[in-house]
Amino acid sequence: LGRSDRLNRVHPVSQWAGKSEAGPLIFDRAEGLWMTDIHGKTYLDAFAGLWCVNVGYGQKSVVAAAQAQMEKLPYATGYFDFASEAAIRMAEKVAELTPGDLNHVYFSLGGSDAVDSALRFIDYYWTARGQPERKHILSLEKGYHGSSSTGAGVTGLAPFHAGFSVPTAHQHHIPAPGAYRSEDPSDAAVIAASVQALKDRVHALGADRVAAFFAEPVQGSGGVIVQPHGWLKAMREACDELGILFVVDEVITGFGRTGKMFAQEHEGVQADIMTMAKGMTSGYAPMGACVLSDKVFEGIAATGGTVGHGYTYSGHPVSAAVGLEVIRLYQEGGILANAQARAPAFMAALKRLEAHPLVGEVRGLGLLAAVEIVADKRRKTPFAADSGISQKLFSALLENGLIARCFNDGTIGLAPALTISPDQIDLIAERIETSLNTLSL
Ligand code: PMP
């Protein structure tokens with residue numbers, strides 16, 4: 001099944017680039033946090049699939065909800081004057097959970113198309129306000145906002161732009177704040193530098209030509225970069241001062257990942273536009289959403305502008321039914337409470353790894369964390385992207401039965417299911433340590 005000639009012909013594994021002759025790891029089944037491959041080897045999944053299976057594998061009530069919905073009404077479009085009860089209830093639930101007046105829910109199938117929707121609404125908004133020249137979009141270097149043409153442009157990771165310049169024409173990236181390698185690592189200094197970078201870039205582009213700033217509350221795919229407390233609020237305030245829209249991408253951080261339903265709650269702020277996906281349905285069915293505040297929605301609607309927007313599978317009844325049950329599990333099933341209860345032990349177990357000679361920094365928020373591996377601990381020198389560290393580490397972790405994300409510089413990303421037990425927390429830390437000890441560099 002995993003033969004490279006077969007995979008290279010039909011590309012079922014989009015990220016697999018023929019790295020090993022053995023081919024990719026092919027999974028057969030999963031339960032809780034445990035995954036089993038087609039040869040019967042088991043792995044502890046410390047990454048919840050792709051930061052998405054927040055309720056863990058094998059949740060029978062989610063399967064039952066999907067089956068019941070499929071039997072009753074497998075599909076109804078959200079176009080024209082049609083809807084399904086499941087989609088309406090899910091939209092109401094999302095509007096109820098999101099902070100403040102983020103009340104207008106436009107479903108997508110995942111995160112990239114939620115970001116596409118956000119970009120579209122931003123353009124509608126400024127056009128409706130008589131300022132169509134506001135085209136520039138700012139985001140952070142190392143920010144990740146999707147793989148679609150426009151989402152890849154907002155993404156601040158160079159590989160996503162290589163050989164692909166058109167969508168980036170109006171998209172700009174400011175330095176990612178981060179304390180680990182800053183000369184002055186204090187929260188105040190990191191925040192002030194970031195606010196200044198935003199203001200400088202907006203003024204350089206022309207304040208009346210900038211449409212919006214996109215933020216991730218914790219930068220996920222850039223290496224789990226945790227911003228200091230107060231950063232999100234400071235950026236919200238800076239956007240208000242600059243008169244641009246503030247967009248928060250909670251595709252990873254949403255649905256309990258950081259210990260709150262949404263990471264904005266840690267800071268008491270709300271976005272003008274918010275995107276979400278992943279934990280929304282915990283990977284049991286595809287679903288995302290772009291949620292507009294009253295201000296943005298009414299700004300578009302007031303002048304008769306278009307607020308109709310969607311895709312064939314927007315608000316898919318089965319995904320909506322799954323989402324409703326997943327949210328019920330977060331709330332009534334105690335999964336969000338478990339995420340909150342386990343987070344301190346999770347961070348403490350990982351923090352102990354900082355004593356290891358290869359570990360530069362451990363950082364995280366809730367059950368989202370990174371263990372940064374460095375070539376020179378004293379100088380905080382990262383491994384070169386072409387050092388092969390990522391592949392070596394990934395193989396060592398798998399050898400030891402642990403699934404985690406390994407970024408190009410060797411940083412290990414962790415985002416286990418929110419159902420994690422204390423034993424599983426210890427096992428993650430143990431398996432990372434064993435892997436680091438057996439690493440041949
Ligand atoms: N935004 C963020 C913050 C993400 O982390 C991701 C996916 N990792 C996306 C958008 C894109 O989501 P999707 O892969 O579902 O299209």
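Selection of the stretch 248-276 for residues being within 16 Å of the ligand (Cβ to nearest atom) and on the phi > 0 side of the Ramachandran plot yields 255, 256. The lone criterion from (1) crowded, with 19+ Cβ neighbours inside 10 Å; (2) within 16 Å of the ligand (Cβ to nearest atom) left unmet by residue 311 is number (1). A Cβ distance below 7 Å, combined with a sequence gap of six or more or placement on separate chains, defines the contacts here; from the stretch 111-128, residues that are charged (D, E, K, R) reach residues that are outside any helix (DSSP H, G or I) in the pairs 113/148; 113/288; 113/311; 116/148; 120/309.
On the given criteria, is residue 324 surrounded by fewer than 24 Cβ atoms within 10 Å (Cβ to Cβ), closer than 21 Å to residue 59 by Cβ, away from the ligand (no atom under 15 Å from the Cβ) and within 18 Å of the chain's Cα centre (by Cα)? It is false that residue 324 is surrounded by fewer than 24 Cβ atoms within 10 Å (Cβ to Cβ), closer than 21 Å to residue 59 by Cβ, away from the ligand (no atom under 15 Å from the Cβ) and within 18 Å of the chain's Cα centre (by Cα).
Got at least one residue in the stretch 95-113 being acidic (Asp, Glu) and within 16 Å of the ligand (Cβ to nearest atom)? Within the stretch 95-113, one or more residues are acidic (Asp, Glu) and within 16 Å of the ligand (Cβ to nearest atom). Of all residues in the stretch 390-402, those that are surrounded by 21 or more Cβ atoms within 10 Å (Cβ to Cβ) and touching a residue at least 40 places away in the same chain (Cβ under 8 Å) total 2. Evaluated against (1) more than 26 Å from residue 390 (Cα to Cα); (2) crowded, with 24+ Cβ neighbours inside 10 Å, residue 219 falls short on exactly one condition, (1).
Listed by position, the helices (runs of 4 or more DSSP H) enclosed by the stretch 14-112 that each have at least 3 residues that are modelled with pLDDT of 95 or more and either in contact with an Asp or Glu (Cβ under 6 Å, 6 or more places away or on another chain) or hydroxyl-bearing (Ser, Thr, Tyr) (or both) are 60-72.
Kindly evaluate residue 282 against the criterion of being within 16 Å of the ligand (Cβ to nearest atom), within 21 Å of the chain's Cα centre (by Cα) and not in a loop (DSSP other than H, G, I, E, B). Judged against the criteria, residue 282 is not a match.
Per the listing 110, 49, the residue uniquely small (Gly, Ala, Ser) and either buried (at least 24 other Cβ atoms within 10 Å of the Cβ) or not assigned by TED's automatic domain parsing to the domain that holds residue 296 (or both) is 49. Please tell me if residue 133 is part of a loop (DSSP other than H, G, I, E, B) and either modelled with pLDDT of 95 or more or not hydroxyl-bearing (Ser, Thr, Tyr) (or both). Yes.
What single numbered condition from (1) modelled with pLDDT under 95; (2) surrounded by 19 or more Cβ atoms within 10 Å (Cβ to Cβ); (3) not aromatic (Phe, Trp, Tyr) fails to hold for residue 306? The number of the failed condition is (2). Got at least one residue in the stretch 222-231 being in contact (Cβ under 8 Å) with a residue 40 or more places away in the chain, within 12 Å of the ligand (Cβ to nearest atom), buried (at least 24 other Cβ atoms within 10 Å of the Cβ) and not small (Gly, Ala, Ser)? Checked against the condition, which is being in contact (Cβ under 8 Å) with a residue 40 or more places away in the chain, within 12 Å of the ligand (Cβ to nearest atom), buried (at least 24 other Cβ atoms within 10 Å of the Cβ) and not small (Gly, Ala, Ser), the stretch 222-231 yields at least one hit. Reported count of residues in the stretch 147-167, each being more than 16 Å from the ligand (Cβ to nearest atom) and either of a type in the set (D, E, K, R) or surrounded by 15 or more Cβ atoms within 10 Å (Cβ to Cβ) (or both), is 0. For the stretch 192-212, the count of residues that are of a type in the set (Gly, Ala, Ser), within 23 Å of residue 260 (Cα to Cα) and within 16 Å of the ligand (Cβ to nearest atom) is zero. Taking the conditions exactly as written (part of a strand (DSSP E or B), at pLDDT 95 or above and more than 13 Å from the ligand (Cβ to nearest atom)), does residue 291 satisfy them or not? When the stated conditions are applied, residue 291 passes them. Listed by position, the helices (runs of 4 or more DSSP H) inside the stretch 327-441 whose residues that are over 28 Å from residue 41 (Cα atoms) number at least 1 are 335-351.
Every test in (1) crowded, with 18+ Cβ neighbours inside 10 Å; (2) more than 16 Å from the ligand (Cβ to nearest atom); (3) of a type outside the set (Phe, Trp, Tyr) is passed by residue 131 save one, and that test is (1).
The values are calculated or read from the model by the stated rules, or taken from the named source; none is laboratory data. Here the structure is a predicted model, which is why all the values come from computation and not from measurement. No Cβ is skipped: glycine too gets one built from the backbone with ideal geometry, and neighbour counts run over all protein chains shown.
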